[in-house]
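Chemist: First the structure, which I've put down as structure tokens, then a few questions once you've had a look.
The values are calculated or read from the model by the stated rules, or taken from the named source; none is laboratory data. Keep in mind that this is a model prediction, so the values were computed, not measured. Note: ideal-geometry Cβ built from the backbone for every residue, glycine included; neighbour counts use all protein chains shown. Accessible surface is based on the protein model in full, side chains and every heavy atom, while ligands, DNA and RNA are left aside. Shrake-Rupley method; radii C 1.70, N 1.55, O 1.52, S 1.80 Å.
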Amino acid sequence: MAAAVALSRRAFLPHLSLRFFSSLTVSPAILSSPAASSAPRLNLDDTERLYASVPTGDLLSSLGMLYTMAMEPAVDLGMAVMRSPAVMERRVLREAVVGAVRRTVYRKFCAGEDAEEAERTLGRLWERGLRGIVNYGMEDADDGSTCDRNLAGFIKTVEMTAKMPPDSVSFACVKITAICPIHLLERISDLLRWEKKHPSCHLPWKQTSFSILTNSSPLYHTLTTPPPLTQEEEVQLQLSHSRLATLCKRCADTNLPLLVDAEYTSVQPAIDYMIYSASLEFNANAKKQRPIVYGTLQSYLKDAKERLVQAVDAAERAGISIGFKLVRGAYLSRESYLAKSLGVASPIHSTIQETHACYNDCAAFLLERMVKGSASVVLATHNLESGRIAAAKVEELGLGKGDQRLQFAQLMGMGDGLSLGLRNAGFQVSKYLVFGTVEQVIPYLLRRAEENRGFLSTSTLDRQLLMKELKRRLKIAVMGK
């Protein structure tokens, strides 16, 4: 992808002319919506105000990158290269690919190679009225020593935030797969699924938590009785609990909430188990306040709403506040392929419209529970309609836009128009900032490439808004008005 993107981008940018701008029209359907009347303060039509803080060079660079990444053949080629052992295991070829990635997609979607570069990126966002969710981009550790090194990196990230302007960082972020060996998460998930199928199954290592799965959750990963955890695996699990607790305590000491990312369904039960266990310990004094530990709910899963209601109800019974980041989901290809290979129904909604409906339904549910004081939410979306619906719901419920329990969020390099529009409407908005070496964040970049692939991808709105503003600026430069 990197080499293809680099070549396409160099070919694209020099030809941005008045004729080129005129040849591309902005679809009214993208920029307007029937829901707009219910949330008039979220307005993306005035691109002059929307992009007032963004230099023209940045707009051009973003547009060039997004158009290139919408070209499916270029992205498919780049993704194949980045996934090819024949390329990535040869030093010379790997260095060439990494260099191309660094100059193109890495600069678009990542905050830097280390904490210092991420800090500078945060500073630039803060100047534009946006906050940052900082994520040291490690995932999928294989052993305990790697998990310990990753934990040190996450703690350093939390400590870095103390140097930043107050409130410029909204959350730290972690992947459980980085601090608990991936094979152990698979084993725990198998046992939790088996316990769901057979309630009499006893798991002696299991700490107090909430119910993880529902009757509609996918259980097909575990077809036969899984062996119990070995003594060594139980020790590894306790160490993993300890790593998460150490990170949560450091976040609590600095009053910085921790977002725990979601993963694919083969390991998500174990991740939810660890999140809920930590929530019971660290969110205990957060009633009607912002909790320390937040999980992530993927609304493209058919069981998402049922699991959400089950968890929030359990938290209310336990007398604690619970936090969720609400997303659509980033593992569609992986989930669909696994389900098809096993001859079972996909755990993902059949249509994008069903996913949108589930997202909006879950968002409304969490906002309503915010009023009761039992929930906090990060609405992570690049979808304009979902943004408008949520903004209208906030107004309807009388929630304050400055309430720390409510955040909107978008990934760095994606949804910038929506981020700026929500900021202008008075909401608290954060950008999700992954940092780390290029090699370290390649899995993350591959997921972003898949999301932006094709002209009907999640970046459609950004391309339309950028084009509209660049045409406006070019007209002024050429005609003086």
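Chemist: Where both residues lie in the chain, what percent of DSSP beta bridges are antiparallel, nearest 5? Can you show the working numbers first?
Modeler: Values: 1 of 35 bridges.
Antiparallel bridges make up about 5 percent of those DSSP assigns within the chain.
Chemist: Can you count the Lys pairs in the range 106-205 whose Cα atoms are under 25 Å apart, with each pair 8 or more apart or on different chains?
Modeler: Close lysine pairs under the 25 Å cut-off: 6.
Chemist: Taking K and R as +1 and D and E as -1, what net charge do the other residues with C-beta under 12 Å from the C-beta of Glu159 add up to?
Modeler: So the surrounding residues net to +1.
Chemist: Where the centre of each part is set by its Cα atoms, how far does the range 366-394 sit from the range 178-247, in angstrom?
Modeler: Centre-to-centre (Cα) distance: 31 Å.
Chemist: At a 1.4 Å probe radius, carbon and sulfur cover how many percent of the accessible area of the range 162-312? List each step's numbers first, then the result.
Modeler: On the way: 2970 of 5780 Å².
Its accessible area is 51 percent carbon and sulfur atoms.
Chemist: Treating the beta-carbon of each Lys and Arg as +1 and of each Asp and Glu as -1, no other charges, what is the dipole magnitude of the chain about its Cα centre, to the nearest 20 debye?
Modeler: With only Lys, Arg, Asp and Glu charged at Cβ, the dipole is about 1440 debye.
Chemist: Still on this structure: Which peptide among 360-367, 333-340 comes first, and what is the full order, when sorted by highest mean count of other Cβ atoms within 10 Å?
Modeler: Averaged packing, sorted descending, gives the order 360-367, 333-340.
Chemist: Let me ask another. What Kirkwood hydrodynamic radius do you get for the range 120-188 when you take the inverse of the mean 1/r over all pairs of distinct Cα atoms, in Å?
Modeler: Here the Kirkwood hydrodynamic radius works out to 13.1 Å.
Chemist: Also, I was wondering about something else. Kindly write out, for the range 192-199 in residue order, the coupling ³J(HN,Hα) from the Karplus curve 6.51 cos²θ - 1.76 cosθ + 1.60 (θ = phi - 60°), rounded to whole Hz, with x marking Gly and Pro.
Modeler: Using θ = phi - 60°, the values come out as 5, 5, 5, 4, 5, 5, 10, x Hz.
Chemist: Per residue, how much accessible surface does the chain expose to a 1.4 Å probe? Answer in Å², no decimals.
Modeler: 41 Å²
Chemist: For the range 345-481: lysine pairs with Cα atoms under 16 Å, gap of 8 or more or different chains, count?
Modeler: The result is 4.
Chemist: From largest to smallest, what semi-axes in whole angstrom does the range 192-346 give when each is the square root of 5 times an eigenvalue of its alpha carbon gyration tensor? Walk me through the numbers on the way to the answer.
Modeler: On the way: eigenvalues 136, 76, 44 Å².
Those come to 26, 20, 15 Å.
Chemist: When the distances between all Cα atoms of the range 325-414 are binned every 5 Å from zero, what whole-number percent does each bin get?
Modeler: Values per bin, smallest distances first: 3, 12, 22, 20, 15, 11, 8, 5, 2, 1.
Chemist: Additional query: Put a dot 7 Å past each Cα toward the Cβ at Asp167 and Glu234; how far apart are the dots in nm?
Modeler: 4.9 nm
Chemist: When Rg is the radius of gyration of the Cα atoms in the range 330-481 and Rh is its Kirkwood radius, what does Rg/Rh come to? Intermediate results must be reported in sequence, preceding the final value.
Modeler: Numbers: Rg = 18.5 Å, Rh = 17.9 Å.
With Rg and the Kirkwood Rh in hand, the quotient comes to 1.03.
Chemist: Express the C-alpha Rg of the range 406-451 as a ratio against the empirical globular expectation 2.2 N^0.38 Å, rounded to two decimals.
Modeler: Dividing the Cα radius of gyration by 2.2 N^0.38 Å gives 1.34.
Chemist: Turning to a different aspect of this structure: Percentage of Cα-Cα pair distances in the range 40-170 greater than 25 Å, rounded to whole percent?
Modeler: 47 percent
Chemist: Measure of size requested: the Rg and Dmax of the range 104-159, with Cα atoms as the atom set and Å as the unit; please supply both.
Modeler: Here Rg and the maximum Cα pair distance are 13.1, 41 Å.
Chemist: With N residues in the chain, what two-decimal value do you get for its Cα radius of gyration over 2.2 N^0.38 Å?
Modeler: Rounded to two decimals, the normalised Rg is 0.97.
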